[in-house]
Amino acid sequence: MSATATPSGEEEPSKEERLKSFLAEKASDGEMYFKSKFIADEVGLSPKEIGALMVKLKDSASEINVEKWSYTSATTWRVEPA
C-alpha cells in the first residue's frame, strides 16, 4: 500500500489536499498572489510539484479559484476563496 499512515493510524492528506488546504487558509481573507518557490518550504513540496498541482487545482478545486496570473522569472498564481 502506498499511502502513508500517521502514528495514530490515519492516512496523511495527499500532496494536492495539503496544498489546497494551505491555499484556502491563506486566501480566506481575500485574494493572494504567490510564486511556488516562496511557499515550497511551508507546504513541504518542491516548486515543481506545486506548479504541477496548481494546474490540477485550477480545474478541480471548488473551495478556491485559481488563476495563472503572470509569468516573469516564474509563474505567479492568484488564489481567492470560491
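The values are calculated or read from the model by the stated rules, or taken from the named source; none is laboratory data. All of these numbers come straight from a predicted model, not from anything done at the bench. As a convention, Cβ positions derive from the backbone with ideal geometry for all residues, glycine included, and neighbour counts pool all protein chains shown. To get the accessible areas, we keep the full protein, side chains included, count just its heavy atoms, and leave off ligands, DNA and RNA. Shrake-Rupley method; radii C 1.70, N 1.55, O 1.52, S 1.80 Å.
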Of 75, 6, the only residue that is at pLDDT below 95, in contact with a strand residue (DSSP E or B) (Cβ under 8 Å, 6 or more places away or on another chain) and polar (S, T, N, Q) is 75
Reported set for segment 18-39 where residues are out of contact with any Lys or Arg (no Cβ under 9 Å at 6 or more places or on another chain), open to solvent by less than 100 Å² (accessible area, probe 1.4 Å) and assigned to a helix (DSSP H, G or I) is 18, 19, 20, 21, 22, 23, 24
Considering segment 42-65, residues that are part of a loop (DSSP other than H, G, I, E, B) and among the hydroxyl-bearing types (Ser, Thr, Tyr), and then whichever is modelled with the lowest pLDDT, we arrive at 62
Within segment 61-75, the count of residues that are hydrophobic (A, V, I, L, M, F, W, C) and under 12 Å from the mean Cα position of the chain (by Cα) comes to 3
- Query: Condition test on residue 21, is it small (Gly, Ala, Ser) and without any contact (Cβ under 8 Å) to a residue 40 or more places away in the chain?
  - Reply: yes
Picked from segment 40-80 (must be free of Cβ contacts under 8 Å to residues at least 12 places away in the same chain and hydrophobic (A, V, I, L, M, F, W, C)), the residue surrounded by the fewest Cβ atoms within 10 Å (Cβ to Cβ) is 55
